[in-house]
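One structure below.
Every number here is computed from the coordinates shown, using simple stated rules; none is lab data. Just so it is clear, the structure is predicted and the values come from calculations on it, not from any experiment. Note that we place each Cβ from the backbone using ideal geometry, even for glycine, and neighbour counts take in every protein chain shown.
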Amino acid sequence: MQNKPKGQRIKVKVKAGSSVYIGTFFVPELRTRLSDVLNDRDKDFISLTDVTANDSEKRIDFVCLNKHLIESLEPYGS
């Protein structure tokens with residue numbers, strides 16, 4: 001049985017270029033905020049799971065986004 005990584009999963013809305021992504025963003029247990037992960041200089045990409053893009057009905061299991069192309073990232077929903 002595989003252990004799930006500890007941390008929190010946050011639903012977010014990300015604007016990158018002409019696209020808008022809504023998906024689940026994982027913040028590891030050793031980090032406490034979205035900004036902690038975004039400001040990590042060792043990583044150039046963020047990962048989203050269970051993603052929709054540009055108001056599409058189609059779900060994408062996994063998307064990697066280059067942090068340097070992100071214009072905005074905010075919590076989405078409740």
11 Å tail of the calculated P(r), segment 1-42, as % of Cα pairs: 70 percent
Only helices counted: for the chain, with every DSSP H run of 4 or more residues adding -39500 (n - 2.57) and the sum spread over all residues, [θ] at 222 nm is -1000 deg cm²/dmol
Pop out the ³J(HN,Hα) list for segment 47-60 in order, Karplus 6.51 cos²θ - 1.76 cosθ + 1.60 with θ = phi - 60°, rounded to Hz; leave Gly and Pro as x. 10, 10, 10, 6, 9, 10, 10, 6, 6, 6, 7, 6, 9, 10
Mind sorting Lys43, Lys58, Lys67 by how few other Cβ atoms lie within 10 Å of their own Cβ, fewest first? Lys58, Lys43, Lys67
Hey, what do the phi angles of segment 14-22 turn into as Karplus ³J(HN,Hα) couplings, whole Hz, using 6.51/-1.76/1.60 and θ = phi - 60°, x for Gly and Pro? 10, 9, 9, x, 8, 10, 10, 10, 10
What translational D, rounded to a whole number of µm²/s, comes out for the chain from Stokes-Einstein when the hydrodynamic radius is the Kirkwood one over Cα pairs, at 10 °C and 1.306 mPa s? 122 µm²/s
Modelled label reach - Leu38, point 7 Å along Cα→Cβ, segment 54-76 residues with backbone N closer than 13 Å: 67-76
Rough spin-label spacing in nm, given labels placed 7 Å along Cα→Cβ, for Arg31 and His68: 1.8 nm
Percentage relative contact order, segment 7-75, counting C-alpha pairs under 8 Å, at least six apart: 37 percent
